[in-house]
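**Q** Handing you this structure, nothing more for now.
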Amino acid sequence: MSRTWSATMIAPRQDHPAPLLRTEFSLDAGHGEVAEARWLVSAFGVFEAYLNAQPVSADVLSPGWSAYEWRLRYRDYDVTDQLRRADGPIVLGVALGNGWYRGALTWFGISHLYGDRLAAIAELEIRFADGHRQRILTDQTWTAGPSATLDNDLYRGQTIDARLHSTDWLHPGFTSPGWSGAETISFDTSRLTPYLGPPVVRHEQLPPVAIWTSPAGKTLVDFGQNLVGWLKLQVRGPAGQTVTVRHAEVLEDGELGVRPLRSAQASDRFICSGAEDVFEPTFTFHGFRYAEISGWPGTPTADDLVAVVVSSALARIGEFACSEPMLTQLHRNVVWGVRGNFLDVPTDCPQRDERLGWTGDIAVFAPTAAFLFDVETFLHDWLLDLSTEQQHASGTVPFVVPDALKYTAEQPGFPRGTTAIWGDAAVWVPWALWQAYGNRQLLTDTYPAMVAHLHRIEQLLSPTGLWDTGFQFGDWLDPDAPPHRPADAKADPGVVATACLYRSSIIAAQTASILGHHRDAGHFARLAERTRAAFQQHYVDDDGLIVSDCATVYALAVAFGLLNEQQRARAGDRLADLVQSSGYTITTGFAGTPYICDALTATGHLAIAYRLLLQTSCPSWLYPVTMGATTIWERWDSMLPDGTINPGDMTSFNHYALGAVADWMHRIIAGITPAEPGYSRVRIAPQPGGDLTWARASLHSPQGPVAVAWAIHRHNNLTVTVDLPPDLPADICLPGEQAVSVIGGHHTFSARLLDTAPERSITGPSTSTFQRGRAS
């Protein structure tokens with residue numbers, strides 16, 4: 001969608017850390033009531049928009065982060081009611097902060113990546129009852145001045161001086177000697193694009209669960225949940241008194257554990273006015289559970305402060321719970337990981353000097369995200385940035401989107417180029433969204449990026465047809481890799497990359513066929529065939545062993561369909577052997593972990609998959625839960641059993657990628673799978689296992705709400721209840737039984753499970769009293 005802009009981008013003539021811009025006007029008289037009024041606003045930096053001293057919307061950190069060089073989003077506010085209530089002169093105000101545009105980005109400590117001046121562009125268009133139109137535009141008649149914010153940065157934090165705070169600038173007739181004019185700056189308005197995804201908002205508020213004094217005499221606050229946002233506090237202190245709040249995710253030796261933050265100060269500073277002050281630092285955000293407060297006059301109480309949770313406004317659509325409390329907590333941790341990291345872009349972590357849109361994380365996590373939240377427009381918007389960055393990088397999908405790392409090219413030793421999984425986000429994320437939501441337009445919009453990615457890989461293949469050249473992240477963060485060398489995995493990087501190429505080729509061929517690009521479909525199908533043949537020839541020996549003989553290579557080969565029937569059975573058995581020999585602990589990293597339970601399940605080792613999932617020893621999914629985690633960790637041992645933080649340079653306690661196992665929980669434990677894209681037909685096939693006695697899940701699909709609940713009663717009697725939207729067809733598959741088809745309504749099924757031994761899959765033969773569903 002494009003529109004013609006008449007406004008100009010304006011900046012203060014005198015620079016400020018967080019400048020304010022204003023203008024005032026009166027409604028044209030004699031045209032009746034305001035029928036409609038829309039205010040379009042964007043900025044270099046982040047902005048907050050006001051009309052007559054009131055925020056025009058609840059969004060924060062707008063316009064977010066996009067590929068600013070080519071895509072700058074604008075917010076479209078309906079201010080009709082506010083203008084109808086206006087009496088007399090009207091003031092428009094815009095407050096600016098550095099945000100991603102001018103603030104520090106990446107662990108290289110570089111700021112001003114996109115520009116060194118904060119600026120805004122806005123158009124207010126008013127339509128009156130008689131059809132008359134009035135427009136108020138940003139131009140050189142606006143004025144600019146300083147705010148009470150003395151410093152603001154996503155990594156450093158924000159400093160607010162309450163002695164300078166005033167709302168006078170939002171009222172008619174305001175003048176101040178500290179204010180000067182604004183000036184227009186060069187800007188191509190064709191870069192402006194409307195929001196496709198949701199805005200960032202204050203999601204909820206969490207009160208402290210504990211306030212105490214640390215061994216070092218520091219005042220510490222625990223909010224009980226690792227979250228993303230900031231503290232809102234009220235305090236009365238002597239004028240000039242500075243209250244400092246530092247944030248961190250964990251404690252170590254009884255004090256704030258700040259080493260994982262690296263160079264991020266994650267500290268907000270509030271300078272008191274002498275009166276009762278309320279502080280809320282909305283031009284930054286932090287990832288934290290704990291806060292250290294210094295300089296407070298007296299001792300803060302739970303009534304003085306609250307944690308404000310900030311996230312993109314995503315609707316929660318998927319739920320899961322089961323009889324194992326730790327597994328339910330793991331799922332809750334996955335949800336909070338999404339909430340914290342889906343802040344305008346799908347970031348890898350929200351706390352240290354990074355917070356980048358790493359493509360590899362979302363490539364493997366997209367199916368999980370699409371079940372838990374309605375992320376269709378959120379990720380569609382991000383994929384447009386991916387495509388834009390890719391087009392300006394000769395077809396290479398960057399490691400992060402938006403690509404802040406392209407500005408760090410001079411840094412020695414930093415890898416570049418097309419990589420598996422990370423680059424495959426161009427293919428895997430759209431496909432996951434297609435399966436979840438069935439939006440053909442999304443496939444159409446993202447298809448060129450798929451094609452460009454695969455054509456780029458084709459240029460990199462060896463004469464053997466393998467993708468065994470160039471840099472690869474491979475099975476990143478293999479738990480056996482040294483803490484300071486996360487790429488040193490057991491899995492051969494060529495095996496991983498070639499397997500991923502096969503999967504991407506298959507998806508691209510299917511996408512091309514859906515969209516009617518039949519020549520492309522044939523090309524990618526042949527590429528897939530050649531890749532599969534090369535994989536089998538060069539990586540699979542006569543005994544069915546795969547090069548590097550570790551869990552990840554077998555998981556990928558099985559899950560992606562690279563093997564013939566005999567090889568597949570052998571790979572499944574070998575994978576099961578490896579899992580058993582590890583004591584049912586995790587031996588996979590970013591590449592293998594999302595697929596290992598699926599590979600075990602598909603080859604008849606469901607019980608082993610459950611034992612792997614339910615393991616509590618480190619490394620495992622549940623080990624962090626035993627350590628009190630409330631989000632998913634970056635490393636399996638981000639915190640060591642003795643309570644010390646992993647010594648690696650890269651340690652996060654809120655990193656959603658390893659939570660991709662929740663997708664398996666939704667599909668295998670609960671049994672909800674789209675049989676056709678967008679759940680136009682659903683498959684209900686729960687596969688109970690482990691020691692679970694019940695599970696339930698629900699999904700508000702594009703067709704309506706789908707819910708499944710099962711329970712195992714005495715004598716291994718299994719009862720499954722299914723609730724479907726009217727007219728939605730579903731295939732119901734109980735363990736060991738033929739599928740039955742139902743349409744809509746409430747249904748109950750039962751079966752008797754005879755074989756639940758931990759070393760064998762319960763999907764084998766069973767005696768059942770299988771009852772057709774009864775609609776009610």
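Here, each number is a calculation from the coordinates, and none is a lab measurement. No experiment lies behind these values; they were computed from the predicted model shown. So basically every Cβ, Gly included, is an ideal-geometry build from the backbone, and we count neighbours across all protein chains shown.
**Q** What is the helix-to-structure angle for 565-581, meaning the angle in degrees between its Cα long axis and the longest Cα principal axis of the chain, kept from 0 to 90 and rounded to the nearest 10?
**A** Compared with the principal axis, the helix lies near 70 degrees.
**Q** Further question: Taking 7 Å along the Cα-to-C-beta vector as the label spot, tell me the Phe108-Thr721 distance in nanometres, rounded to one decimal.
**A** It is 5.8 nm.
**Q** Please work out the Cα center distance from segment 62-95 to segment 210-256, rounded to the nearest Å.
**A** Each part reduced to its Cα centre gives a spacing of 34 Å.
**Q** Here's something else I'd like to know. Can you tell me, using C-alpha contacts under 8 Å and at least 6 residues apart, the relative contact order of the chain as a whole percent?
**A** Computed over the chain, the figure is 10 percent.
**Q** If contacts are Cα pairs under 8 angstrom and at least 6 residues apart, what is the relative contact order of segment 671-752 in percent?
**A** The value is 26 percent.
**Q** Multiplying the sequence separation of Asp731 and Ala216 by 0.36 nm and subtracting their Cα-Cα distance, what value in nm do you get?
**A** 179.3 nm
**Q** Report the calculated FRET efficiency for Thr299 and His518 (r = Cβ-Cβ distance, R0 = 56 Å), to the nearest 0.05.
**A** 0.20
**Q** Determine the sum of side-chain charges near Gly671: Lys and Arg each +1, Asp and Glu each -1, restricted to other residues whose C-beta is under 12 angstrom from that of Gly671. Please list the in-between numbers first.
**A** Details: positive: Arg667, Arg683, Arg696; negative: Asp731.
Around Gly671, the charge tally is +2.
**Q** Highest mean first, how do 439-449, 220-230 rank when packing is the count of other Cβ atoms within 10 Å averaged over residues?
**A** Numbers: 439-449: 17.2, 220-230: 23.2.
Ranked by mean Cβ neighbours within 10 Å, highest first: 220-230, 439-449.
**Q** Would you compute, from DSSP H runs of 4+ residues alone, the mean residue ellipticity of the chain at 222 nm, taking -39500 (n - 2.57) per run and dividing by the full residue count, rounded to the nearest 500?
**A** Taken over the chain, the calculation gives -7500 deg cm²/dmol.
**Q** A further question on this structure: Could you put Phe187, Phe399 in order, starting from the residue whose Cβ has the fewest other Cβ atoms within 10 Å?
**A** Going from least to most buried by this count: Phe187, Phe399.
**Q** Okay, moving on. Among Pro594, Ala528, Val228, which residue has its Cα furthest toward the positive end of the charge dipole of the chain, with +1 on Lys/Arg Cβ and -1 on Asp/Glu Cβ?
**A** Ala528
**Q** Here's another thing I want to ask about it. Taking a virtual spin label 7 Å from the Cα of Thr244 along the C-beta vector, which residues in segment 259-301 bring their backbone nitrogen under 12 Å of it?
**A** Only 265-270, 292-296 pass the distance filter.
**Q** Using 0.36 nm per residue, how much length does the chain from Asp130 to Val547 gain when fully extended, once their Cα-Cα distance is taken away?
**A** Working: separation 417, 0.36 × 417 = 150.12 nm, distance 7.58 nm.
Result for the pair: 142.5 nm of gain on full extension.
**Q** Straight-line reach from Lys406: which lysines have a Cα under 30 Å away, not including same-chain ones fewer than 8 places off?
**A** Straight-distance partners of Lys406: Lys490.
**Q** For labels at Arg84 and Gln738 in the simple 7 Å Cα→Cβ model, what's the distance in nm?
**A** 6.3
**Q** Quick check for me: using +1 on Lys/Arg Cβ and -1 on Asp/Glu Cβ, what's the dipole size of the chain about its Cα centre, in debye to the nearest 20?
**A** That gives a dipole near 920 debye.
**Q** Just order 537-544, 575-582 by mean Cβ neighbour count inside 10 Å, highest at the front, would you?
**A** So the order, starting with the most tightly packed, is 575-582, 537-544.
**Q** In which sequence would Asp153, Asp475 go, from the one with the fewest C-beta neighbours within 10 Å to the one with the most?
**A** Asp153, Asp475
**Q** Where nothing but the Cβ of Lys and Arg (+1) and of Asp and Glu (-1) is charged, how large is the charge dipole of segment 202-312 around its Cα centre, in debye to the nearest 20?
**A** The calculation lands at about 260 debye.
**Q** Would you mind putting 678-685, 74-81 in packing order, based on average other-beta-carbon counts within 10 Å, highest first?
**A** With the highest mean Cβ count within 10 Å placed first, the list reads 678-685, 74-81.
**Q** What size of dipole, in debye to the nearest 20, comes out for segment 10-197 about its Cα centre when the only charges are +1 on Lys and Arg C-beta atoms and -1 on Asp and Glu C-beta atoms?
**A** The dipole magnitude comes to about 300 debye.
**Q** Give me the one-decimal nm value for the distance between modelled label points at Ala313 and Asp691, 7 Å along each residue's Cα-to-Cβ direction.
**A** 4.5
**Q** Here is a follow-up. What percentage of all Cα-Cα pairs in segment 577-712 are separated by more than 19 Å?
**A** Of all Cα-Cα distances in segment 577-712, 56 percent exceed 19 Å.
**Q** Related question: Which lysines have a Cα less than 28 Å from the Cα of Lys232, not counting those fewer than 8 places away in the same chain?
**A** Result set, ordered by chain and number: Lys218.
**Q** If R0 is 30 Å, what FRET efficiency do you get for Arg38 and Ala275 from their C-beta distance, rounded to 0.05?
**A** That pair, Arg38 with Ala275, gives E of 0.20.
**Q** If you find the alpha carbon centre of segment 277-303 and of segment 537-576, how far apart are they in angstrom?
**A** That distance is 53 Å.
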